[in-house]
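Read through the structure below, which is laid out as structure tokens, and then see the notes.
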Ligand SMILES: [Zn+2]
């Protein structure tokens with residue numbers, strides 16, 4: 001299926017800022033956070049993407065550091081980046097992710113390998129880009145694609161905590177990380193099922209996962 005909504009973002013990315021003014025006449029743009037016209041991300045919404053890193057337990061040994069609450073404007077911007085092909089938003093979201101990664105690295109005291117959670121094959125075919133990998137690069141990190149998706153995972157939305165865990169069990173495989181310290185990166189943590197599957201796969205390959213970082217975390221009241 002052709003993703004029509006992603007075309008303007010891709011065109012703008014290709015042609016750059018110089019043509020953005022002329023293109024705006026042909027390709028309408030609106031703020032990803034509040035629908036204000038003629039701006040990809042307005043000043044007010046950009047302010048709401050300022051990171052306030054929170055740290056929560058993911059497993060008995062590992063914490064997840066998240067920069068934003070997955071709610072309101074941050075949630076809208078993440079969805080526009082993921083579902084509408086607005087890849088230019090990765091820079092603003094990456095800035096938030098960098099703050100979370102900074103705290104995670106500081107807590108570790110080492111220089112771990114940054115490994116993004118891969119998209120499912122189906123999601124990658126639909127979007128044409130890796131969500132966590134692109135965010136990590138825009139955060140100024142050097143992600144290493146040591147995790148691969150093996151097969152199809154059904155959409156996690158609408159599943160409860162247990163359903164999500166069963167849905168992702170065995171869906172990831174790691175390679176080349178034996179004896180290496182790793183921080184796992186993803187866009188959003190909800191129940192943590194996907195991140196725990198990533199930790200499982202990396203640990204099975206011999207890595208020592210020290211923490212996880214995400215751009216956003218679903219607020220507890222919404223879980
Ligand atoms: Zn806005």
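Observations on the model:
- The helix-only estimate of mean residue ellipticity at 222 nm for the chain, built from DSSP H runs of length n ≥ 4 each weighted as -39500 (n - 2.57), is -11500 deg cm²/dmol after division by the residue total.
- Taking every Cα-Cα distance in region 124-223 and sorting them into 5 Å bins from zero, the calculated P(r) comes out as 2, 12, 21, 25, 23, 13, 4, 0 percent.
- A full extension of the chain between residue 162 and residue 34 corresponds to an added length of 42.7 nm, given 0.36 nm per residue minus the alpha carbon distance.
- Helix 90-108 and the longest principal axis of the Cα set of the chain meet at an angle near 20°.
- Residue with peak Gaussian network fluctuation, the chain [Cα springs, cutoff 10 Å], from 109, 133, 33: 109
- Spacing of the modelled spin labels on residue 148 and residue 52, each 7 Å from Cα toward Cβ, amounts to 4.2 nm.
- Burial ordering of 183, 62, 114, fewest other beta-carbon atoms within 10 Å first: 62, 114, 183
- Approximate spin-label separation residue 175-residue 129, in nm, with each point projected 7 Å along Cα-to-Cβ: 2.5
- Result for the chain in a Gaussian network model with C-alpha springs under 10 Å: among 154, 101, 40, the largest mean-square fluctuation is at 154.
- Relative contact order, percent, region 51-222 [alpha-carbon distance under 8 Å, six or more residues apart]: 29
- Beta-bridge orientation, region 51-222: approximately 30 percent antiparallel, per DSSP, counting only bridges with both partners inside.
- Note on the chain: with a GNM built from Cα contacts shorter than 10 Å, the maximum mean-square fluctuation among 35, 205, 69 falls on 35.
- Computed over the alpha-carbon pairs of the chain, the distance histogram in 5 Å steps reads 1, 7, 15, 19, 20, 16, 11, 7, 4, 1, 0 percent, short to long.
- Acute angle (nearest 10 degrees) that the helix 193-204 long axis makes with the longest principal axis of the chain, alpha-carbon atoms: 50
Read-outs throughout are calculated quantities, based only on the coordinates presented, and are distinct from any laboratory measurement. The shown structure was predicted, so the numbers you read here are calculated from the model rather than taken from an experiment. In this analysis, Cβ positions are derived from the backbone assuming ideal geometry, glycine residues included, and neighbour counts consider all displayed protein chains.
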